[in-house]
Amino acid sequence: MKSLLSILFKYTILFTTVVVTLVFIFTNTIGYKEIKYFFGILAALYIIVCCVEAELIASVIKGTRKFIYLTDGFISKRFLKIFFFTCAGGILLFPHSIVRYMAFLCFMIAFTELFVTLWRYLRKLCFIAFEGDTIVLVTNKIFSVHASSIEKIETRHGITYFVYNNNEAITLRTDMMREKEAFKLTLAAWVTENNLQSKVVATT
């Protein structure tokens with residue numbers, strides 16, 4: 001519920017930024033001095049809310065065993081988003097007209113993505129965890145699967161698959177994990193605790 005509120009607040013800030021920018025462009029209600037303050041306040045709020053959202057999404061029960069899981073796919077997706085919004089902001093600046101102030105929105109998103117990615121890395125907010133009878137995967141968003149829903153667990157060529165609910169699956173690049181041996185031991189213990197031995201397929 002808290003993460004949902006943070007997401008709603010985040011998009012409210014984006015919408016407010018767009019509205020304020022359009023009011024500035026098409027009316028004389030907001031001047032150049034005021035727009036700088038608006039932009040600064042909204043940008044700071046947006047960054048704070050995005051960091052809070054990342055913290056809330058990654059919250060698990062205290063004492064839960066977590067393994068850092070920061071993949072190339074996660075980094076690539078963030079890089080492309082940062083690159084796209086930076087380029088869009090640069091294009092909007094090019095005409096040197098009043099429309100260039102829309103570039104602020106693009107730069108704000110690009111910088112926030114960069115900041116939040118670093119925040120997640122430093123705070124170790126991307127991980128796979130075993131929370132009781134549930135597997136929790138937190139990357140761009142959160143996935144959680146109960147042991148009772150799992151149909152198959154298989155590891156092939158350094159990739160572990162948790163198949164559940166009619167062939168939906170969580171796919172992990174376990175070969176890229178820093179603590180892969182510890183993960184294997186924890187997974188084996190979790191399988192035993194939840195009586196999932198029959199769901200484990202021979203690994204390769």
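Tabulated results
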| read-out | value |
| --- | --- |
| Partner aspartates and glutamates for LYS180 [C-alpha distance under 16 Å; skip if fewer than 8 residues away on the same chain] | GLU154 |
| Qualifying trypsin sites (Lys or Arg not before Pro) for region 50-86 [loop in DSSP, other Cβ within 10 Å: at most 16] | LYS62 |
| For SER97, SER59, order by how many other beta-carbon atoms lie within 10 Å, fewest first | SER97, SER59 |
| Over region 127-199, relative contact order from alpha-carbon pairs under 8 Å, at least 6 apart, % | 21 |
| Antiparallel DSSP beta bridges within the chain, percent to nearest 5 | 95 |
| Helix-only CD estimate at 222 nm, as mean residue ellipticity for the chain, using -39500 (n - 2.57) per DSSP H run (n ≥ 4) | -18500 deg cm²/dmol |
| Centroid-to-centroid separation of region 153-194 and region 1-79 [C-alpha atoms, Å] | 32 |
| Between 0 and 90°, nearest 10: helix 180-193 axis offset from the chain longest Cα axis | 60 |
| Rough spin-label spacing in nm, given labels placed 7 Å along Cα→Cβ, for SER97 and GLU154 | 5.7 |
| Taking the chain and dividing mean pair separation by its residue count, relative contact order in percent (alpha carbons under 8 Å, at least six apart) | 18 |
| Top positive-direction residue, dipole computed over the chain with Cβ charges, set THR134, THR117, CYS87 | CYS87 |
| Helix 32-57 vs. the chain, principal-axis angle (Cα, 0 to 90°, nearest 10) | 10 |
| Across LYS10/LYS184; LYS33/LYS77; LYS36/LYS62; LYS10/LYS66; LYS10/LYS152; LYS66/LYS152, pairs whose alpha-carbon gap is larger than 32 Å | LYS10/LYS184; LYS33/LYS77; LYS36/LYS62; LYS10/LYS152 |
| Rounded to the nearest 20 debye, dipole of the chain from Cβ charges on Lys, Arg, Asp, Glu | 400 |
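Only the coordinates and a few stated rules stand behind these numbers; no lab work does. Since the model is a prediction, treat every value here as computed from it, not as a measurement. Cβ coordinates were reconstructed from backbone atoms using ideal geometry, including for glycine residues, and neighbour counts include every protein chain displayed.
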